[in-house]
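Following: one structure in structure tokens, then a few remarks.
The values are calculated or read from the model by the stated rules, or taken from the named source; none is laboratory data. None of the values given here were measured: they were computed from a predicted structure. Reconstructed Cβ throughout: ideal geometry from the backbone, glycine too, with neighbour counts over all protein chains shown.
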Amino acid sequence: MTPRNLAVGYIRASTDDQELTLEAQDDAILEWCKKNNLTLVGNFLDHGISGGAQIADRPGLLKALGACSDPNVTTLVAAKRDRFARDVVIAAQIETIAAKYDVVVRTADGASDGDSATAAFMKTITDAVSQYERAKIRERTREALAVKKQRGECVGHIPYGFERNGKTLVPNKAEQYNLNRIKYLRERGYSASTVSEILAADGRFNRNGKQFCVSDIYRLQAGTRRAKVGVQ
């Protein structure tokens, strides 16, 4: 009989995570497996995904949980518990799914070790702290963006028709012309595809230097309905 000595690794990093790199997580998991005499099947990665994302929205985690169905896998391991989730409910769901395969959840830092009542309580506390930290990060981000908006500074995606001038947005004359042209032609009954052809014939293209597609025309037309464009 083949011994059950396999482990499945999970690595996650979102845009908010700065302290624990993908390489550091990989090294921590591999070292932990060596110390515990486990053979690492592989590390499954979710990059740019929040710790609050649902399991169904994490391709890497889904693959890791799927790999746990191998009867020789005993352990699902991450570098730290908050790599699995920064949400108490989601963390509990991961534990439940793993348990269905008779697989335990562990972390290289030892925060997920043990199956006693005390260990379970400490896991819940760790998950709650991670959830709180995630909420605080989002709160600070919202506050910072609000301050920037009050100062008139540019935040987030630059809308079509504008360009960045230092920290503020100013109208982009070429793009404003395109918006006005689209509005003018659409109001006179031209189809979106015809408008695209007319703009291309005039040498007017999108930000990527390509011809406007039909969906571009509809999207930009909708934008001109929501905001008045003042540059001719």
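Values as computed for the structure displayed
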item	result
Where A56 falls short, out of the listed (1) hydrophobic (A, V, I, L, M, F, W, C); (2) farther than 22 Å from D113 by Cα; (3) in contact (Cβ under 8 Å) with a residue 60 or more places away in the chain	(3)
Unique match (being surrounded by fewer than 18 Cβ atoms within 10 Å (Cβ to Cβ), of a type in the set (G, A, S) and farther than 12 Å from V8 by Cβ) among A99, A85	A99
Subset of the range 102-118 [at pLDDT below 85, surrounded by 13 or more Cβ atoms within 10 Å (Cβ to Cβ) and aliphatic (A, V, I, L, M)]	A111
Filter result for T194 (among the polar types (S, T, N, Q), within 30 Å of Q150 (Cα to Cα) and either surrounded by 12 or more Cβ atoms within 10 Å (Cβ to Cβ) or modelled with pLDDT of 85 or more (or both))	no
Strands (runs of 3 or more DSSP E) (entirely within the range 4-111) containing at least 3 residues that are within 30 Å of E139 (Cβ to Cβ)	6-13, 39-47
Search result, residues across the range 160-195 that are aliphatic (A, V, I, L, M) and in contact with a Cys (Cβ under 8 Å, 6 or more places away or on another chain)	L169
